[in-house]
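Note sheet for the following structure.
The values are calculated or read from the model by the stated rules, or taken from the named source; none is laboratory data. Everything numeric here is computed off the predicted structure, so don't read it as measured data. Cβ placement follows ideal geometry from the backbone for every residue including glycine, while neighbour counts extend to all protein chains displayed.
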Amino acid sequence: MAARKRASSDASTKSPAAETQQKTQTTTANSTDPPIAPSKAGQILTYSLIFFVPYFYLIFSHYKIEADLKRSILINALLSCAGFFATLTMIPVASRYVLRRNLFGYDINKKGTPQGSIKVPESLGIVIGIVFLVLAILFQYFNFTSDSNWLVEYNAALASICFMILLGFVDDVLDVPWRVKLLLPTIAALPLLMAYAGHTTIIIPKPLIPYVGLEVLDLGWIYKLYMGLLAVFCTNSINIHAG
């Protein structure tokens, strides 16, 4: 309570000149925000129509597909279009907030050119990830029922994606060291591994059957351990390759 009183008293005793100076600095900071490159929505839509028109012709006219499957494909297409425009709208807004927090880098492939000195916002993948999660949840509402067999694994996959988006954003903000990055995919893969209820067996190659004595070997928990290690390998290899 005392801290609030001091803050209010300081604000009340602030001179008009100081308030004017603060407003001027805020206006200057907003006006000096780096420009954001315009989106290539027209070009993307043109290429999308070129590829989607024959695709939809084959699905809805050429081939005989069940009505439920056609409905699912159409809903997926509409949700994808809505997600595209939502992402296109949210990225410029998120870019301004990210740049204000000094989360940016420079394109090293354009070093020495005028574009090489332009600030490139980081951590914008969280925008795409959030839009994808929302659309995936809405798609679940339109296509799954309460007794769907894949419902548990579908929700577990969404939880893993949500974990990975959060951990990726934390990595961008906190600059997590590599020894910690190796553990992050393990945490993100836990919901999917725990919800997995499929087979944990492998087929022994025929040349090794006389030595092993089995044609099918049940690995049990070792199978899930392998899948967790595979998730760590895939995510970090893609991260290293992209970086």
Could you tell me which of the residues HIS241, HIS199 is outside any helix (DSSP H, G or I) and loosely packed, with under 12 Cβ neighbours inside 10 Å?
HIS199
If I ask for residues that are in contact (Cβ under 8 Å) with a residue 40 or more places away in the chain and over 30 Å from PHE56 (Cα atoms), which ones from region 78-99 would you list?
PRO92, SER95, ARG96, LEU99
Scan region 206-226 and give yes if some residue there is under 30 Å from VAL98 (Cα atoms), of a type outside the set (A, V, I, L, M, F, W, C), more than 15 Å from the chain's Cα centre (by Cα) and surrounded by 13 or more Cβ atoms within 10 Å (Cβ to Cβ), otherwise no.
no
Using beta carbons and a limit of 8 Å, which pairs, at least six apart or on different chains, have the first residue in region 33-59 and within 30 Å of TYR97 (Cα to Cα) and among the β-branched types (Val, Ile, Thr) and the second one surrounded by 10 or more Cβ atoms within 10 Å (Cβ to Cβ) and at pLDDT 85 or above?
ILE36/PRO92; ILE36/SER95; ILE36/ARG96; ILE44/PHE84
